[in-house]
Amino acid sequence: MKEDIILKAENVSKQYRLGLVGTGTISHDLNRWWSKLLGKGDPYLRVGESNDRSTKGKSNYVWALQDINFEVKKGEVLGIIGKNGAGKSTLLKILSKVTGPTTGEIKTKGRIASLLEVGTGFHGEMTGRENVFLNGAILGMTKKEIRSKIDEIIEFSGCERYIDTPVKRYSSGMTVRLAFAVAAFLEPEILVIDEVLAVGDAEFQKKAIGKMQDISRGGGRTVLFVSHNMASVKSLCTRGIVLENGKVAFEGSSEEAVAKYLSSDMNSNENLKVFKEGYDKPLFKLQSIGMKNTNRSFSQPIVEDAEMEINLDVFFKTEDTGKYNITYHLHNELGDTMFSFFDRDYKTKITKGDNKINCIIPKDFLQSGSYSLSLFIVKDKRTAAFVEKNIFYFNVVNGSKEIGVYSGREPGYIKPSFKWKNIKKDE
Amino acid sequence: MVDLNFKEIWRYRDLLFLFVKRDVITLYKQTVLGPLWYFIQPLFTSIIFTLIFNNIADIKTGEGIPPFLFNLAGITSWNYFSECLKGTSDTFKKNQNIFGKVYFPRVIMPMSIVVSNLLKFGIQLLVFVCFYIYFVFFTDKGGSAIPQLALLALPILILFMGLLGLGFGMIISSMTTKYRDLTFLVGFGVQLLMYGSAVMYPLELIRKKVALGEIPELAGNIIEYNPMTTVVELFRHMTLGVGDFSTNQFIYAGIVSIVTFLIGLVIFNKTEKSFIDTI
């Protein structure tokens with residue numbers, strides 16, 4: 001490896017066996033062994049398809065990663081982006097040596113650690129101090145290193161009073177604080193942060209991202225950052241890799257990588273939910289619901305700064321004289337209902353036969369984030385003929401912002417564009 | 001390529017000792033009788049064995065050697081091996097959570113179990129010593145139970161037991177990641193192996209019976225060449241002066257232990273790279 005290269009992936013591939021591992025394992029193993037004896041290659045390494053989750057494959061083996069090549073220089077902050085199932089987490093697992101690649105090699109200089117491992121190996125019966133030592137050692141620190149930092153760690157955790165009390169007496173918050181403090185003082189040469197997996201505890205996620213900002217800006221440290229948040233990738237990373245179906249689809253500046261990701265079509269209609277069966281009611285048959293940006297496809301991420309539309313495909317079987325309309329409730333990621341909306345004036349004119357109901361949401365209305373929709377089919381604005389809570393989940397991502405402006409997520413869920421003016425100046 | 005990774009294991013030695021410390025600290029938590037459990041198990045087993053094998057089946061343990069002490073010696077030495085084997089044979093399954101999150105040389109985990117089992121062994125050894133003192137000094141039954149000079153080699157013998165248990169444990173734990181059935185075999189297999197390891201009878205008895213044609217030669221050979229037979233016999237020779245002792249036997253036990261350990265380590269290291277996908 002060259003001087004300034006700290007991590008190098010060479011033709012890294014990872015194959016997984018789908019379905020139940022266990023049945024037929026021995027027969028496959030024997031088959032492998034037999035081929036090896038005859039001097040042939042592994043018969044199962046040649047089968048396998050790229051890892052496209054949505055299409056049905058022929059083979060039981062898939063390549064979660066295929067021929068991944070990249071280099072990371074010292075001090076670089078590399079963003080790894082891609083849709084769910086593109087292979088990001090598998091790549092991270094291989095990078096952190098939790099699992100090995102099927103073929104290929106990872107070469108590193110120095111220690112790799114991940115902020116996700118907080119609290120790994122904590123034992124309730126041991127005191128906070130003992131756990132700091134154990135956890136630190138699991139993460140690769142020596143006793144000497146931990147001893148030299150123990151005071152700082154305890155101070156950072158804010159658990160001084162309880163440090164000699166068994167951890168089982170701690171509140172869950174205190175445990176997380178202590179665990180995070182250990183990870184924060186780890187000082188690895190390469191730090192891996194997987195924001196995708198850090199869901200659940202918003203406060204911790206914020207802290208982890210903050211820490212990572214400190215680290216990467218403080219200089220010198222190499223960081224690998226996996227995220228769905230395009231804004232933080234753009235603002236934090238110096239370079240970006242886009243993974244698609246287990247392959248590197250793009251490598252370049254983080255700006256370009258984000259642009260590539262947002263415009264990419266990954267052959268999976270993420271944002272379209274088709275109901276093959278179910279929802280076949282006497283009154284109607286629900287066929288699909290989907291959401292996309294106008295003039296873009298269901299397979300592309302929904303960006304906040306373009307017009308969006310909700311498409312509902314429903315077949316009505318009735319000659320009922322009653323008037324029907326569609327009502328949606330929009331929920332945020334916590335499940336709170338933010339507002340409801342419906343077709344007030346029966347513009348959708350729902351009648352017998354196929355109905356494709358389109359609801360347009362103007363651009364710059366929904367803030368980036370995760371949402372869900374509940375669907376109601378209402379008769380005569382009085383009785384609900386059909387109710388399905390959270391029938392559809394979707395994510396809205398940041399669009400292309402100007403370079404240089406604040407690139408984090410704005411607070412709140414609505415991004416209204418009000419009219420502004422300065423009466424003194426505009427007269 | 002066979003890569004034993006000793007350098008990396010050495011780098012993580014602090015972790016090994018912290019795991020041992022964890023095991024020691026948390027050993028008796030939440031139990032009522034605490035360390036007493038380690039007295040009870042060998043004690044009762046010895047009593048039962050004495051009752052069945054010596055009183056009912058009339059196995060002779062030698063002139064001046066109380067059968068109870070003979071059995072206790074066998075069980076004490078057997079227990080350390082079997083505890084190490086059982087403790088390490090489910091390493092991958094038991095630790096899949098922590099192994100799935102962070103990398104450290106996986107072998108640290110079973111090694112720490114073998115080291116922390118030394119504490120249990122120490123307690124059981126102490127029980128043995130207490131009974132030894134009782135029989136030799138306070139009764140007239142233990143006249144010929146005399147420790148031998150070879151007792152000085154006991155630490156090495158303990159190392160062999162540990163390596164043997166660890167080696168088999170690593171092989172089994174590597175295989176159970178794919179073939180779960182083996183888990184069921186362990187508890188049962190260990191028990192069967194005990195009967196083939198001269199724990200409750202002297203090896204000499206088997207040799208005699210083979211010579212008389214009362215036991216098939218194959219069974220005799222299995223017991224004879226079972227490395228644990230050698231270890232148990234050596235232990236009894238060192239502490240009680242029964243059974244035969246030869247340097248060859250000692251070397252045999254040593255070679256088998258080290259080879260088993262090395263084979264186990266190679267298989268274990270090979271498994272650790274991808275077990276998380278198959279477990």
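The values are calculated or read from the model by the stated rules, or taken from the named source; none is laboratory data. Everything numeric here is computed off the predicted structure, so don't read it as measured data. Here the Cβ is made from the backbone with ideal geometry for all residues, glycine too, and neighbour counts use every protein chain on show.
Quick rundown of the values:
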{"item": "Within the range B:225-279, tally of residues that are in a loop (DSSP other than H, G, I, E, B), touching a helix residue (DSSP H, G or I) at 6+ places or on another chain (Cβ under 7 Å) and touching a residue at least 60 places away in the same chain (Cβ under 8 Å)", "result": "3"}
{"item": "Residue identified as crowded, with 16+ Cβ neighbours inside 10 Å and not in a helix (DSSP H, G or I) among B:Y132, B:Y201", "result": "B:Y201"}
{"item": "Some residue of the range A:13-27 being of a type outside the set (A, V, I, L, M, F, W, C), modelled with pLDDT of 80 or more, closer than 30 Å to A:D214 by Cα and assigned by TED's automatic domain parsing to the domain that holds A:V223", "result": "no"}
{"item": "Tally, over the range A:37-62, of residues that are assigned to a strand (DSSP E or B), modelled with pLDDT of 70 or more and out of contact with any Ser or Thr (no Cβ under 9 Å at 6 or more places or on another chain)", "result": "1"}
{"item": "The range A:68-98: number of residues that are touching an Asp or Glu at 6+ places or on another chain (Cβ under 8 Å) and surrounded by 20 or more Cβ atoms within 10 Å (Cβ to Cβ)", "result": "5"}
{"item": "Residue check for A:M291: among the hydrophobic types (A, V, I, L, M, F, W, C) and either surrounded by fewer than 19 Cβ atoms within 10 Å (Cβ to Cβ) or modelled with pLDDT under 90 (or both)", "result": "no"}
{"item": "Condition check for B:F70: on the phi < 0 side of the Ramachandran plot, in contact (Cβ under 8 Å) with a residue 40 or more places away in the chain and within 12 Å of chain A (Cβ to nearest Cβ)", "result": "no"}
{"item": "Within the range A:312-336, tally of residues that are under 20 Å from A:A385 (Cβ atoms) and either touching a residue at least 24 places away in the same chain (Cβ under 8 Å) or touching a helix residue (DSSP H, G or I) at 6+ places or on another chain (Cβ under 7 Å) (or both)", "result": "17"}
{"item": "Whichever residue in the range A:95-132 is in a strand (DSSP E or B) and at pLDDT 80 or above and, among such residues, is farthest from the other protein chains (Cβ to nearest Cβ)", "result": "A:K107"}
{"item": "A:L65 being within 14 Å of chain B (Cβ to nearest Cβ), touching a residue at least 24 places away in the same chain (Cβ under 8 Å), assigned to a strand (DSSP E or B) and buried (at least 17 other Cβ atoms within 10 Å of the Cβ)", "result": "yes"}
{"item": "Among (1) within 25 Å of B:D23 (Cβ to Cβ); (2) away from chain A (no Cβ under 14 Å); (3) free of Cβ contacts under 8 Å to residues at least 12 places away in the same chain; (4) surrounded by 15 or more Cβ atoms within 10 Å (Cβ to Cβ), the one test that B:L125 misses", "result": "(3)"}
{"item": "Flag for A:T90 being within 11 Å of chain B (Cβ to nearest Cβ), under 29 Å from A:K14 (Cα atoms), out of contact with any Cys (no Cβ under 7 Å at 6 or more places or on another chain) and not acidic (D, E)", "result": "yes"}
{"item": "B:T229, sole failed condition from (1) within 14 Å of chain A (Cβ to nearest Cβ); (2) among the polar types (S, T, N, Q); (3) crowded, with 19+ Cβ neighbours inside 10 Å", "result": "(1)"}
{"item": "Residues that are of a type in the set (G, A, S) and in a helix (DSSP H, G or I), drawn from the range A:139-184", "result": "A:S148, A:S157, A:S172, A:G173, A:A179, A:A181, A:A183, A:A184"}
{"item": "Qualifying residue in the range B:26-38 (condition: within 14 Å of chain A (Cβ to nearest Cβ) and either assigned to a helix (DSSP H, G or I) or surrounded by 22 or more Cβ atoms within 10 Å (Cβ to Cβ) (or both))", "result": "yes"}
{"item": "Residue within the range A:248-270 that is in a helix (DSSP H, G or I), assigned by TED's automatic domain parsing to the domain that holds A:A64 and modelled with pLDDT under 70 present", "result": "yes"}
{"item": "Residues of the range A:295-334 satisfying the condition of being part of a loop (DSSP other than H, G, I, E, B), touching a Lys or Arg at 6+ places or on another chain (Cβ under 9 Å) and surrounded by fewer than 21 Cβ atoms within 10 Å (Cβ to Cβ)", "result": "A:F298, A:S299, A:Q300, A:D305, A:A306, A:E307, A:K317, A:T318, A:E319, A:D320, A:G322, A:K323"}
{"item": "Residue within the range A:354-370 that is over 30 Å from A:Y261 (Cβ atoms) and not hydrophobic (A, V, I, L, M, F, W, C) present", "result": "yes"}
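Each row is one residue, and each column tells you yes or no for (1) facing chain B (nearest Cβ under 10 Å); (2) surrounded by 23 or more Cβ atoms within 10 Å (Cβ to Cβ).
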| site | (1), (2) |
| --- | --- |
| A:L139 | yes, yes |
| A:I154 | no, no |
| A:R161 | no, no |
| A:M174 | no, no |
| A:V182 | no, yes |
